[in-house]
Amino acid sequence: MIFVPTKPLERGPGSLIAQRRRALGKTLDGIDEESGGLIYRQMLYRLEHGHKKSDSLTWDQTYALANALEWTVEKLNAVLGVSGEERGPQAVRGKGGAVPVVGDLGRLADGRRAGDIGVTGEYYMLDEREYLTGSDYFIYRVTQTTLVAQDVSPSMQPGMMLIVEQGDAIKGNQVGLYYSSARRLDVVARHGRQNVLLVGGAPGGEVLWRSDLADMRLVGVVRRFSGEL
C-alpha cells in the first residue's frame, strides 16, 4: 500500500508555513491569487508537504510568500533555514545587455523607453537573463518620497530595488510602478485595487488614498523585489 499524506509533515519548515497560512485563514488558492500566480497552488502544496526544497525559492517568490504570510523576509528565511543571501544584480557600467537605473518616471510615463532617456549612469547585470528577453527592463530604487500601497508590502523600505518591465502588460493583482504627473509622485501599487492607502517611506511621510491620484499612469510591471543596493 502506498501512503500519500493529505496533511503537511508534522516537522520541518513546510508544516510551519502551513500552520501560519491556516492561522491567517488563507487557502492555497487564495495565496495563488494574492501573489498574482507567483506562489502558485501546486508549488505551495509541494513546499508545505516537503516535496520542494526550501532553498529553491527565487527572491521574488520568497518576498511574495513572506508578504502573504504576513512575515518579514528574515522570518521566512529563518523558518526555511536559508541564509537569505540572494543572487542580486551585479553593478556594471556601460556593459552590453545591462539594465539601467532610472529615476525619472515622468519621462517614462510619457512613452520614452528606459534605454533612450538620460539615466543615472548606473547599470546592473541580472543573473536571470531570461528577464531581458524581448522586453525593456529597468531598475527603480524606492526613495523616501515613493508612495507604496499598504497591501503590496508592509516592509518595503527606501533603498529597496525593483526590477521593472516597462509597458502595460499587467494583469490580475500584479504589482505595478505608476507615476502621478499632477503630484509628481512615484507609486508602487497592485493592479485594479483603488481603495488602498499609499504611504511614503520617510517618517511622517505623505499618506494618500489611491483614489486621490486619478491621473496615475502605469510605467511598468514589477517583476522582482530585491534588497538594498
If I ask for residues that are more than 18 Å from R141 (Cα to Cα) and modelled with pLDDT under 85, which ones from the range 179-202 would you list? G192, R193, Q194, N195
Would it be correct to say that D186 is in the same structural domain as Y124 (by TED's automatic domain parsing), of a type in the set (D, E, K, R) and in a strand (DSSP E or B)? yes
I'd like the full set of residues that are surrounded by 11 or more Cβ atoms within 10 Å (Cβ to Cβ) and either over 18 Å from R141 (Cα atoms) or modelled with pLDDT of 80 or more (or both), limited to the range 75-94. K75, L76, N77, A78, V79, L80, V82, G84
If you go through the range 95-107 one residue at a time, do you hit one that is modelled with pLDDT under 75, within 23 Å of V199 (Cα to Cα) and in a loop (DSSP other than H, G, I, E, B)? yes
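The values are calculated or read from the model by the stated rules, or taken from the named source; none is laboratory data. Everything numeric here is computed off the predicted structure, so don't read it as measured data. Please note: Cβ atoms are built from the backbone with ideal geometry, for glycine as well, and neighbour counts cover all protein chains shown.
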